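Here's the structure, in structure tokens; my notes come after.
Rule-based calculations on the coordinates, nothing more; no lab input. Computed from a predicted model, the values in this text were never measured in an experiment. Cβ placement follows ideal geometry from the backbone for every residue including glycine, while neighbour counts extend to all protein chains displayed.
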Amino acid sequence: FGGIYKNSEDLWLEVCDYIYEQYNIDSIETIYISGDGASWIKQGLHWIPKSKFVLDEYHLQKYVRASTAHLNDSDIHQELQDALDWPSKEKTKKVFKKILKLTDSESKKKSIKESRRYILNQWDGIEIKADKGFEIIGCSAEGHVSHILSDRLSSRPRGWSETGVEKMAELRIYIKNGGEVYDLVMDQKHNEAKEKKHKMQDRMVKDLRRKASSKYANAWNSDLIVTTKGKKTGLCRKQQKRTLYNKRDPYGIMDKTAAIRSARHARNKGGRPG
């Protein structure tokens, strides 16, 4: 999964759909979401069923090194590591307190306090390793970012549009997932041809409807009625009488026979019934 998402919900919905399509969700016991503890990562806990957060080892060790490397003391480093592996929150606090006492630089003390705050804030993601560590195989997110995305997009200065960077990211992910560029191009051409065919069909349907509508409108407005066209059948004569009657007495106040005679007489003379 990768690209530009307007919000993290779109990403997690895509991941959730994939899980439901590829796996039997009822047979899954736990889904571990591993990362640095950013809010957008933890939001996945609300979308992915049976999920638990795990702080990835890369970021944990990053802050451990930032807290102990300046002392050049392997014992203090191991002491902090043991507190985290146990894990013991109280022991971790005590080790950080000891590290601060051994540190002279104020700027370094500030960095150590930031590391301590980060580790304690992600404690749930650390603590779970003590119970379920045998199930957690690690996180490859940083390696993926480095070798798949950054290697092409940002390791050397380049300028990208949003569309360009999204398409390039999707293409590299597609290839790393075993996709073939040729198959992708042919699939795109097939979809374009299919879309073009659908548009042509829609246009033809619209033209036929327009022509049919015009045809029936002309037929409706023409004088193709039984009284003026066709064989003189009984229906024709009956319709002729009705037409003559309506012309002579449109308001229905005359005797029917008299109205028909009057209209017929006027028609034979070429005038209008009076």
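Computed about its Cα centre, the charge dipole of region 1-109 is approximately 740 debye, with only Lys, Arg, Asp and Glu carrying charge at their Cβ.
Normalised size of region 1-160, defined as Cα radius of gyration per 2.2 N^0.38 Å with N residues, equals 1.22.
Remark: Tyr20, Tyr118, Tyr182 ranked as Tyr182, Tyr20, Tyr118, counting other beta-carbon atoms within 10 Å and listing the fewest first. Taking GluC sites (Glu not before Pro) across region 119-219, the ones in a DSSP loop with at most 14 further Cβ atoms lying within 10 angstrom of their Cβ are Glu135, Glu180.
Local charge for Ile25 was computed over the other residues whose Cβ lies under 13 Å away, with Lys and Arg +1 and Asp and Glu -1, and equals -3. Taken over the alpha carbons of region 20-84 as equal point scatterers, the Debye sum produces base-10 log I(q)/I(0) values at 0.12, 0.15, 0.21, 0.24 Å⁻¹ of -0.47, -0.62, -0.86, -0.98.
Within region 1-75, the GluC sites (Glu not before Pro) that combine a DSSP coil assignment with at most 10 other C-beta atoms in a 10 angstrom radius are Glu29. Against the empirical curve 2.2 N^0.38 Å, the C-alpha radius of gyration of region 69-164 lands at a ratio of 1.47.
Each Lys or Arg adds one and each Asp or Glu subtracts one; over the other residues with Cβ under 12 Å from the Cβ of Ala141, this totals -4. This ranking places Thr103, Thr30, Thr68 by how few other beta-carbon atoms lie within 10 Å of each, fewest first, which gives Thr30, Thr103, Thr68. Ordering His190, His77, His59 by the number of other Cβ atoms within 10 Å of each residue's own Cβ, fewest first, gives His190, His77, His59.
Cross-link check: pairs Lys167/Lys196; Lys50/Lys98; Lys167/Lys189 evaluated at a Cα-Cα cut-off of 28 Å; pairs beyond the cut-off: Lys50/Lys98.
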